[in-house]
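Below: one structure, written as structure tokens.
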């Protein structure tokens, strides 16, 4: 008989405790302050030689060659940093993380990997040249 009387009391107590806990923790809205810089979406994309050639007239970006120093460079290249030194020479990249960066190598294969690495450093807009310097030269653009 005591067990039958005790069960409803325990059940009511448990429900009451759950309701109180629910009210306590759900009454405070979760609020996260949004800082404008956190809203920016990162871009890692390829760019064709034709588009880069058009952009060279305005030149509002940082042009980075990541291949070997012996190769010729696209006229207007801002910096040469070998692919395997990108992380260690990050100080040679623009201070402004919102500055658009376009990367190229010999044939484009390392450009995409380098773009991903540079994006991890906090740069927001990073592009790599499709086909690299080989395609650039094949289309007759100046180096």
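Remarks
- Inter-site label distance for residue 91 and residue 143 at 7 Å from Cα along Cβ, in nm: 3.1
- Take each peptide in 88-94, 14-20, 75-81, count the other Cβ atoms within 10 Å of every residue, and average; sorted highest first, the result is 75-81, 88-94, 14-20.
- Sorting 116-124, 60-68 by average packing, meaning the other beta carbons within 10 Å per residue, from highest down gives 60-68, 116-124.
- Once both labels are positioned 7 Å from their Cα atoms along Cα-to-Cβ, the gap between residue 70 and residue 5 label points is 9.8 nm.
- You can think of it this way: the chain between residue 109 and residue 14 has 27.9 nm of extra reach, that is 0.36 nm per residue less the Cα-Cα gap.
- Rule-of-thumb Rg ratio for segment 36-138 [Cα; 2.2 N^0.38 Å; N residues]: 0.99
- FRET efficiency for residue 84 and residue 54, using Cβ-Cβ distance with R0 set to 25 Å, rounded to 0.05: 0.20
Readers should treat all values here as calculations from the given coordinates under stated rules, not as data from a laboratory. As the structure is a computational prediction, the values presented were derived from the model and not from experiment. All Cβ positions, glycine included, derive from the backbone under ideal geometry; neighbour counts span all protein chains shown.
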